[in-house]
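Each remark here refers to the structure printed beneath this line.
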Amino acid sequence: MNSFSQAGLKKLREFKLSGIARTIDVRLTAATADNLSHSEFLELLLEDEVNQRSDNKRKRLYGGAHLPYEKGIEDFDFTFQPSVKKAEILELATGNFITKHENILFIGQPGTGKTHLSVALGLKALGYGYTVLFTSVAEMITTLEQSRADLSYHKKIQLYTKPDLLILDELGYKTMAESTVEDFFEIVSRRYEKGSIIITSNRDFGEWDKIFIDKTLTGAILDRLVHHCHITTIKGESYRVQHRNQKS
């Protein structure tokens, strides 16, 4: 079996050609056995490098998204939630809303599939090569509050403004203090017409002033979110309640 020198492997790794370094011994053996030309041998090595980089990128994207689980659109029961139009969700799944920097709001009671749909669209976006970040609203607000204490606020703001798609889960479960409302507005404002947001909420728009308290900021937040927005209100029952009833 042919083998590449350790010095050569070291050079490949220095040049960040890990895909070639991983397969070069196998390719050398195959090249000898199959009498490959230099160009054929080189093409195989380059293909290995491309595949390795593509795989590494996928791992980085999926790892950085922090999705709570992986559930696709095919796993969503549209017959149980007829208020959710399958054709509209499939259109969103094309990712065009991200290209246009549009937002999505899923509004409905707990257990109706809001998070599932947001995760499913996040998975589609990752498949297209977009950067995605999933977080609960409470976790984001806590992170930003803590960042003021350790002087990393601006760095943390970038964490939530940089991804192509930001998914904010569970808006409305807690009322925000004045400072946290300002933080939320900062994120929405910076992403306005620059990056897409998906928000899930258990409260209709008419109740959002109970979340944000400050009516002026509530209006400013809503104005930026709904200007370019797809809104889906889920009026069905909870999957979890149905599941419990079936078990009992």
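The numbers here are math on the coordinates, done by the rules we state, and not lab data. The shown structure was predicted, so the numbers you read here are calculated from the model rather than taken from an experiment. Reconstructed Cβ throughout: ideal geometry from the backbone, glycine too, with neighbour counts over all protein chains shown.
Some observations on this one:
- Phi angles across the stretch 163-169 convert, under the Karplus curve 6.51 cos²θ - 1.76 cosθ + 1.60 with θ = phi - 60°, into 3J(HN,Hα) values of x, 4, 9, 10, 9, 10, 9 Hz, Gly and Pro given as x.
- Arranged from fewest to most other beta-carbon atoms within 10 Å of their beta carbon, 20, 211 become 211, 20.
- Packing order of peptides 147-155, 98-106, 23-31, highest average first: 98-106, 23-31, 147-155 (average count of other Cβ atoms within 10 Å over each peptide's residues).
- Reach of residue 156 by Cα under 17 Å, taken over aspartates and glutamates that are not fewer than 8 positions away in the same chain: 139, 145, 164, 182, 183, 186
- GluC sites (Glu not before Pro) within the stretch 2-86: DSSP coil, no more than 13 neighbouring Cβ in 10 Å: 70
- From helices alone, the chain scores -17500 deg cm²/dmol at 222 nm; the rule is -39500 (n - 2.57) for each run of n ≥ 4 DSSP H residues, then divide by the residue total.
- Dividing the radius of gyration of the alpha carbons in the stretch 1-146 by their Kirkwood radius gives 1.18 for Rg/Rh.
- Separation of the stretch 53-97 from the stretch 140-191 is 23 Å, based on Cα centroids.
- Rg/Rh for the stretch 1-41 stands at 1.00; both radii use Cα atoms, and Rh follows the Kirkwood definition.
- If you wrap the tightest convex hull around every Cα atom of the chain and split its volume per residue, you get 204 Å³.
- The value of relative contact order for the chain, using C-alpha pairs under 8 Å at least six residues apart, is 24 percent.
- With semi-axes defined as the square roots of five times the eigenvalues of the C-alpha gyration tensor, the equivalent ellipsoid of the stretch 115-224 measures 21, 18, 13 Å, largest first.
- About the Cα centre, charge dipole magnitude for the stretch 27-182 (Lys/Arg +1, Asp/Glu -1 at Cβ), debye: 340
- Whichever lysines have a C-alpha closer than 28 Å to that of residue 235, once near sequence neighbours (fewer than 8 apart) are set aside: 71, 85, 86, 100, 114, 124, 174, 210, 215, 247
- Residues 114, 59 in ascending order of nearby Cβ atoms (within 10 Å, fewest first): 59, 114.
- With neighbour counts taken as other beta-carbon atoms within 10 Å, the residues 79, 216 rank, fewest first, as 79, 216.
- Of the chymotrypsin sites (Phe, Trp or Tyr not before Pro) found in the stretch 1-79, those in coil by DSSP whose Cβ has at most 11 other Cβ atoms within 10 Å are 15, 69.
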